[in-house]
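Below: the structure, in structure tokens.
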Amino acid sequence: MLKVGSFLLVGLEGSTCGMGSSGNYLESDVKIRLEFIQKKLKREDKLIIVSHTPPRGILDRALRFGEEAIGSLALRDFLEEEERVCLVICGHVHSCGGRYEKLNNTTIVNVSSHDDPYSRANVAWITIKPNGNAEVEFHKLPSLIEYLIIQKRVKDRELSEKTCLTLSEASLFIEAATKFGKTLFHQLDSLASIKFRYGLPWKIVFMMYEHGIASIDEITEDVFREFLEKRGLWGLDLVHLK
């Protein structure tokens, strides 16, 4: 807990979703902590909460273990009742990182980034006015693969050694970067989402990108049918598509 002028900064560790080592907190744990903090607030104070978990229903739609809302109910209830919370900085739900929303008087900012070498890191610059209004500006840092290919100009073997890519996948990334240029790296987040959602190999994802498909919203049953009929795909590639 830290007091700066009329702003009180507090932290909430862990999450209540039951997933992973950080997910074993109870909603009652969060509720008790927030009620304790509330007693420390003066009427003119503003509260800033730095929380691992987002509030339920706001920037908390997870995809990794099935699509569902995994934010904290206790934190959401507290924000609904306590008007002195001006800002919540959270993470946990990587698919919602790099975004912010408003709930009543509170700005909720999810600053998480995907934990893979394809995604650019989210950096939030937050300016808080004396009245508690928050202005949010997001920036992106280069992904590990973008940094290695463009700035370090590594070969496929070195790229494979420094990321989670196999040697054949590393070759695909270098070929794709040569073919599509720097614009490819602006799309890697959404291309990775296609890969993870459907379990597709990068070879097929890059083939789809070459045909103008760069996001999950552009994937239809007709797209899969079209690629099933393409020449040059066999073995596991066809299994993945089917």
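The values are calculated or read from the model by the stated rules, or taken from the named source; none is laboratory data. Being a predicted model, the structure only gives us computed values, none of them experimental. Positions of Cβ are generated from backbone atoms using ideal geometry, with glycine treated the same way; all protein chains shown enter the neighbour counts. Heads up: the accessible areas ignore ligands, DNA and RNA and are worked out on the full protein's heavy atoms, side chains in. Shrake-Rupley method; radii C 1.70, N 1.55, O 1.52, S 1.80 Å.
Hey, in the GNM for the chain with a 10 angstrom Cα cutoff, which one of L75, L26, L47 fluctuates hardest? Comparing L75, L26, L47 in a Gaussian network model of the chain, the most mobile one is L26.
A dipole drawn for the chain from +1 and -1 charges on Cβ atoms has a positive end, and of C90, G14, G132 the residue lying farthest that way is G132. What separates the Cα centres of segment 161-225 and segment 61-139 is a distance of 28 Å. Annotation: segment 104-242 has a Kirkwood hydrodynamic radius of 17.0 angstrom, from the mean reciprocal C-alpha pair distance.
Highest GNM mean-square fluctuation among L87, L188, L172, for the chain modelled with Cα contacts below 10 Å: L172.
Both radii were evaluated on the Cα set of segment 1-110; the Rg over Rh quotient, with Rh as the Kirkwood radius, amounts to 0.96. Here H211 and V123 are evaluated by their C-beta separation; at R0 = 30 Å the FRET efficiency comes out at 0.40.
At q = 0.14, 0.19, 0.23 Å⁻¹ the log10 of I(q)/I(0) for segment 178-219 amounts to -0.25, -0.47, -0.70, computed by Debye summation with a single uniform scatterer per C-alpha, solvent ignored. Only protein atoms count toward the accessible area here, which uses a 1.4 Å probe; on the chain, the carbon and sulfur part of that area reaches 52 percent. Computed across the chain, the Kirkwood radius stands at 20.2 Å (inverse of mean 1/r, all Cα pairs). Taking a Cβ cut-off of under 12 Å around V223, the surrounding Lys, Arg, Asp and Glu residues balance to a net charge of -4, with basic ones at +1 and acidic ones at -1.
In percent, rounded to a whole number, the relative contact order of the chain is 10, using alpha-carbon pairs under 8 Å and six or more apart.
On the principal axes of its alpha carbon atoms, segment 1-62 extends 37, 21, 17 Å, with the longest extent given first. For segment 87-140, averaging the sequence separation of C-alpha pairs within contact (under 8 Å, six or more residues apart) and dividing by the residue count gives a relative contact order of 30 percent. Between N24 and F36, the distance separating the two model label sites (each 7 Å from Cα on the Cα→Cβ line) works out to 1.9 nm. Just checking the listed ones, I89, I126, I70: in the Gaussian network model of the chain with Cα springs under 10 Å, the one fluctuating most is I126. With a cut-off of 18 Å, note down the residues of segment 189-207 whose backbone N falls inside the zone around a label point 7 Å from the Cα of L233 toward its beta carbon. Inside the label zone: 191-207.
Can you tell me the relative contact order of segment 1-138? Whole percent, Cα pairs under 8 Å, sequence separation 6 or more. Mind showing how you got there, number by number?
On the way: 291 pairs, mean separation 25.7, N = 138.
Result for segment 1-138 is 19 percent.
Ranking C86, C164 by solvent-accessible area of protein heavy atoms (1.4 Å probe, all protein chains present), from largest to smallest, gives C164, C86.
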